Amino acid sequence: MGGSVRTKVSNLSVAVGAGHARMEDPTAGRSLACVAQYDDRPTVPQTVLHTRRACELEPGCVYFGLGDLPRLGLNSTVLPTWPVYWRKVAFAALLLRSGQCALLISLDADAVMGAAGTSWFQLELSTRPHAAMLLSGDPPCWPSQNRFCAGVFALVASPLGLEIMSTWLAAYPERHWHQSSGGSWVCTSGHHRKPCVWAGPEYEQQAFVDSVMVVPRYRDAILHVPACQLNTACASRAEAAARSVGACHFMGVSKYHVAEGYLRSFEDGVQTGDTITSDTFCSPNATFRQFGRTRTCRLHDMRTRGSLFANLDPGSARRSNNSMNLGSNTSSNSSSSQSNGFLRQMN
């Protein structure tokens, strides 16, 4: 499996090089910070639109969604046919390898950049010489307390940063993932091929912990910041500023209830989050009132939804999170062949 995965990584580098495309730099001569959000839904979430607009207004920031790859002379077919959890990592790797980004900031579709923009990440990384990556664990109030939350992270396009990304991609457990005839991705493990444990070692987040964070020289190059500043929900623009966030990540039910209030706080004359203090989301047992209801960030119930992702019911949300290219019936064998070339080129 390891060799075939490396083949896929290699194919990505060849594809980037073959494009010979260099996007025009509006800040000519300045190092670019790239912001990447992988999302393939037909209706773009407001969090993605907000992040794109913020990046476009910041000098030296270049935004990349899946539809922006033509600016590099590429398209989404260069990416391996993997489940979305791993495909977003491949997307980040493609951009990091493109030669266009001195710094790559990857955000899930339910995350937004903080008010300081990319400069927050640059300033934090400058505090540790030779740092190649910036990350955090799960929010304090999240049920699981993983050491790494893949919702928001940043990588420097240094030799070590590129190596870290390649090592992470090479950990893709291809034998555990397969696509159904309908395009949905299924993960199984063990002799009896039972369903994988959610966010277990077959998923990108825990695979990073198991393959990258165990390497001493990688550990020394990774800058850990508090989750409260990187991977935690924000109630409003003012509340986010009060705790100097680099990004706001609306995990779980907060994407349906809290994110809407945060985005509304950017509208003139709108007051939101009045009952939410700066430590609300940083407390392990926090509850708060918003829109007339009591919320808790431990809540995973998605039956009551706000308008942010209103186009998705709970079932379609799960399908979107577990499937890629739903119009394609790519078989596992075809996926394996494509992946082999992709990783080979990344080495």
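For the structure I just gave you, tell me whether ILE105 is within 21 Å of TYR38 (Cβ to Cβ), assigned to a helix (DSSP H, G or I) and either β-branched (Val, Ile, Thr) or open to solvent by 20 Å² or more (accessible area, probe 1.4 Å) (or both).
On the way: within 21 Å of TYR38 (Cβ to Cβ): yes; assigned to a helix (DSSP H, G or I): no; either β-branched (Val, Ile, Thr) or open to solvent by 20 Å² or more (accessible area, probe 1.4 Å) (or both): yes.
Here the answer is no, as ILE105 does not meet what is asked.
Check segment 200-212 and report whether any residue there is under 12 Å from VAL112 (Cα atoms) and touching a Leu at 6+ places or on another chain (Cβ under 9 Å). Show your work before the answer.
Of segment 200-212, the ones under 12 Å from VAL112 (Cα atoms) are none.
Among the residues of segment 200-212, not one is under 12 Å from VAL112 (Cα atoms) and touching a Leu at 6+ places or on another chain (Cβ under 9 Å), which makes the answer no.
Listed here are the residues, each with its yes/no results for (1) in a helix (DSSP H, G or I); (2) free of Cβ contacts under 8 Å to residues at least 12 places away in the same chain; (3) buried (at least 21 other Cβ atoms within 10 Å of the Cβ); (4) out of contact with any Lys or Arg (no Cβ under 9 Å at 6 or more places or on another chain).
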| residue | (1), (2), (3), (4) |
| --- | --- |
| ALA116 | no, no, no, yes |
| GLN122 | yes, no, no, yes |
| LEU125 | yes, no, no, yes |
| HIS130 | no, no, no, yes |
| PRO139 | no, no, yes, yes |
| SER144 | no, no, no, yes |
| ILE164 | yes, no, yes, yes |
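Within segment 218-236, identify whether any single residue is modelled with pLDDT under 95, more than 26 Å from ILE105 (Cβ to Cβ), surrounded by 21 or more Cβ atoms within 10 Å (Cβ to Cβ) and touching a strand residue (DSSP E or B) at 6+ places or on another chain (Cβ under 7 Å), and answer yes or no.
Taking every residue of segment 218-236 in turn, none turns out to be modelled with pLDDT under 95, more than 26 Å from ILE105 (Cβ to Cβ), surrounded by 21 or more Cβ atoms within 10 Å (Cβ to Cβ) and touching a strand residue (DSSP E or B) at 6+ places or on another chain (Cβ under 7 Å).
Conditions tested, residue by residue: (1) open to solvent by less than 10 Å² (accessible area, probe 1.4 Å); (2) among the aromatic types (Phe, Trp, Tyr); (3) under 23 Å from LEU160 (Cα atoms); (4) part of a helix (DSSP H, G or I).
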position: ARG53; (1), (2), (3), (4): no, no, no, yes
position: GLU58; (1), (2), (3), (4): no, no, no, no
position: GLY67; (1), (2), (3), (4): no, no, no, yes
position: ARG71; (1), (2), (3), (4): no, no, no, yes
position: LEU74; (1), (2), (3), (4): no, no, no, no
position: ALA92; (1), (2), (3), (4): yes, no, yes, yes
position: SER98; (1), (2), (3), (4): yes, no, yes, no
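Pairs needed: first member in segment 202-230, part of a helix (DSSP H, G or I); second member anywhere, open to solvent by less than 70 Å² (accessible area, probe 1.4 Å) and among the charged types (D, E, K, R); C-beta distance under 7 Å; at least 6 residues apart or different chains.
ALA227/ASP138; CYS228/ARG243; GLN229/ARG243
Within the set of pairs 6+ apart or on separate chains, which have a first residue in segment 171-186 that is within 30 Å of VAL215 (Cα to Cα), a second that is in a loop (DSSP other than H, G, I, E, B) and β-branched (Val, Ile, Thr), and C-beta atoms under 8 Å apart?
ALA171/VAL212
Here are HIS192, HIS178: which of them is part of a loop (DSSP other than H, G, I, E, B) and surrounded by fewer than 20 Cβ atoms within 10 Å (Cβ to Cβ)? Please lay out each step first, then the result.
Details: HIS178 fails: part of a loop (DSSP other than H, G, I, E, B).
Criteria check complete, one pass: HIS192.
The values are calculated or read from the model by the stated rules, or taken from the named source; none is laboratory data. Being a predicted model, the structure only gives us computed values, none of them experimental. As a convention, Cβ positions derive from the backbone with ideal geometry for all residues, glycine included, and neighbour counts pool all protein chains shown. Please note that ligands, DNA and RNA were not included when accessible areas were found on the heavy atoms of the full protein model with its side chains. Shrake-Rupley method; radii C 1.70, N 1.55, O 1.52, S 1.80 Å.
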